[in-house]
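Structure first, commentary second.
The values are calculated or read from the model by the stated rules, or taken from the named source; none is laboratory data. In this text, all values refer to a predicted model and were calculated from it rather than measured experimentally. For neighbour counting, all protein chains shown are included, and Cβ atoms are generated from backbone atoms with ideal geometry for every residue, glycine included.
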There are 2 protein chains.
Amino acid sequence: MMDADRAGSPDQTETSSGTAIDSIYRELRRRIIDGIYLPEQKLKIEHLRAGFQVSSSTVREALTRLTSDHLVTAEEHRGFRVTPMSMADLEDLTQARIVLECTALRDSISHATEDWERKLVRAYQRLTRAENRLLHDAASFETWEECNRDFHDALAANSHSMWLKRLRQLLFQQSERYRRLSSLVATSRAEVHAEHMAIFEAAIAHDAERAAALLLDHVWRAANVIRDNAALREALEKGSKRRPCSK
Amino acid sequence: MMDADRAGSPDQTETSSGTAIDSIYRELRRRIIDGIYLPEQKLKIEHLRAGFQVSSSTVREALTRLTSDHLVTAEEHRGFRVTPMSMADLEDLTQARIVLECTALRDSISHATEDWERKLVRAYQRLTRAENRLLHDAASFETWEECNRDFHDALAANSHSMWLKRLRQLLFQQSERYRRLSSLVATSRAEVHAEHMAIFEAAIAHDAERAAALLLDHVWRAANVIRDNAALREALEKGSKRRPCSK
DNA sequence: GAAGGCCATACTATCGATATTATATCCAGT
DNA sequence: ACTGGATATAATATCGATAGTATGGCCTTC
């Protein structure tokens, strides 16, 4: 009844996920990261319920889950809203990311294995292709972002610490919000690619210190690019004090 | 402001919370950390609902929230259960904690202010008292744990990075689970107190490197104590493979 | 004309019941 | 006996409705 819309292939066990909560959770997450829902925007249950054609409880649980990702903030008796963004938060986030990303990378390298390196090479190559394509095809941004995420995941993947990886991923997701906000069209692609390459090579060479230092720079610069670019957008931030319309 | 839930107000942080979900959330969290609910134990909604005299939705949301703390794990169509514990996880957790605790402490010291130091002194003094009391009053363990938490919170409190503090707190909470599991009766109290004192003095002296190094040792040793003590309990862990009865 | 309290309105929190899905049980077929 | 599968059972996911709270506007009062 409810999933009649995407029915059709009997063999396929559900495209996105079995449970409605989960698919709504994912969709909302996407919208928040993509900036479709703006920071501090109110997320009214009734409104979303109607949009998704599900019951309020379902939306409610999806929102509660988003709270774990710190993408949504709940206030008692005042419902849910998109977690705010600010330059201060970006600064903070970047600092924390550097700690986790670099630690995880060092750890990865110190446990280096054939298998990990193979995967890292693959991720790097895909990213390289995506970065080349991006030079003349601005529409492939989506793909690039995915490859970028996979590459950074791959760098950390070999760390034995699930906790480091888990927390790292949480922060990375947060940083994606900021990256989207500042449509980083103006970024000098070449530089970013050079940074990725340098990190990759240091990692493959098992030079943990060098790799970590390069990664530190990389994360830091990316944040700077966002900050500068978002200088324009900051107006938007300040403007959001006047509570953006929810409808 | 918004996360004042477990802040250092010793007077009243209580059940009187406006919403039912929240009070059940807290109670469940307490039970899990205290080990009343064992690792991997199934948390059946219907059973809890009856116990708390509330509706299933309420319990469900409380459980979903616990997922953020990684105290509860949800599997699709298979409900919720207490997140497993293992020696491997303790190892991992300790490593990650060291990174965050030490970074936060360094950061705290580098921004040192009068006010912070005052608060740190107070927390240290309370902890000292609690540790003395603990020598002849084993029942005051509860209090000690609270003071210990406050002291470590205070060490990190002056860091400007909300993210570091947030993640640090998450991991600290996790470590409390392990501390409880191994009723650390046998711990040589004197040593622990000496470690606390040394960290405190280095922090007050603004010797960030020394303080961080001492804290590293402290966290590491605490984990070792737990591991050794829990060697006995490990049987329990292995035994849990045979899924503990959920009633 | 401004401060303060009261009511209508809009949501949220909570409920109890139903639809779905997994797990355990039991029976046939080899 | 043992595997395979149909059915009963137990829990979960989802629903739709109601009880409870905050918020903003309106009216009274000074």
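On inspection, A:Y178 passes the criterion of being of a type in the set (S, T, Y), within 24 Å of B:R168 (Cα to Cα), at pLDDT 90 or above and in a helix (DSSP H, G or I). Residue selection: B:E114 satisfies the criterion of being more than 14 Å from every other protein chain (Cβ to nearest Cβ), surrounded by fewer than 19 Cβ atoms within 10 Å (Cβ to Cβ) and not small (G, A, S). Given the structure, is B:L134 away from DNA strand D (no atom under 16 Å from the Cβ), under 16 Å from B:R179 (Cβ atoms) and not small (G, A, S)? Considered against the rule, which asks whether it is away from DNA strand D (no atom under 16 Å from the Cβ), under 16 Å from B:R179 (Cβ atoms) and not small (G, A, S), B:L134 comes out as yes. Taking the listed residues A:R129, A:R118, A:R168, the one that is under 27 Å from A:E91 (Cα atoms) and assigned to a helix (DSSP H, G or I) is A:R168, with no other qualifying.
Can you pull out every residue in the range B:60-75 that is of a type outside the set (S, T, Y), in a strand (DSSP E or B) and free of Cβ contacts under 8 Å to residues at least 24 places away in the same chain? Within the range B:60-75, B:A74, B:E75 meet the criteria. The set of residues in the range A:78-96 that are small (G, A, S) and within 12 Å of DNA strand C (Cβ to nearest atom) contains only A:G79.
Picking from residues in the range A:34-51 that are more than 14 Å from every other protein chain (Cβ to nearest Cβ) and either aromatic (F, W, Y) or more than 13 Å from DNA strand C (Cβ to nearest atom) (or both), the one that is nearest to A:Q173 (Cα to Cα) is A:D34.
Yes/no matrix, rows are residues, columns are (1) modelled with pLDDT of 95 or more; (2) within 12 Å of DNA strand D (Cβ to nearest atom); (3) of a type in the set (G, A, S):
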site: A:D3; (1), (2), (3): no, yes, no
site: A:R6; (1), (2), (3): no, no, no
site: A:T13; (1), (2), (3): no, no, no
site: A:S16; (1), (2), (3): no, yes, yes
site: A:S23; (1), (2), (3): yes, yes, yes
site: A:E27; (1), (2), (3): yes, no, no
site: A:I36; (1), (2), (3): no, no, no
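Here's a check for you: in the range A:159-181, which residue that is buried (at least 18 other Cβ atoms within 10 Å of the Cβ) and away from chain B (no Cβ under 14 Å) is farthest from the chain's Cα centre (by Cα)? Step by step, filter the range A:159-181, then rank; the result is A:L181.
Condition check ((1) within 14 Å of DNA strand C (Cβ to nearest atom); (2) modelled with pLDDT under 95; (3) touching a helix residue (DSSP H, G or I) at 6+ places or on another chain (Cβ under 8 Å)) across all residues:
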site	(1), (2), (3)
A:I32	no, no, yes
A:Q53	yes, no, no
A:E76	yes, yes, yes
A:I98	no, no, yes
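Scanning the range A:76-90 for residues that are more than 13 Å from DNA strand D (Cβ to nearest atom) and assigned to a loop (DSSP other than H, G, I, E, B) yields A:T83, A:P84, A:M85, A:S86.
Of the residues examined, A:L71 is not one that is within 14 Å of DNA strand D (Cβ to nearest atom), at pLDDT 95 or above and under 21 Å from the mean Cα position of the chain (by Cα). Applying a threshold of 6 Å to beta carbon distances and a minimum spacing of six or more residues, or different chains, the list of pairs starting in the range B:76-102 at a residue that is facing chain A (nearest Cβ under 8 Å) and ending at one that is outside any helix (DSSP H, G or I) and buried (at least 19 other Cβ atoms within 10 Å of the Cβ) reads B:D92/A:S161; B:Q95/A:S161; B:A96/A:S161.
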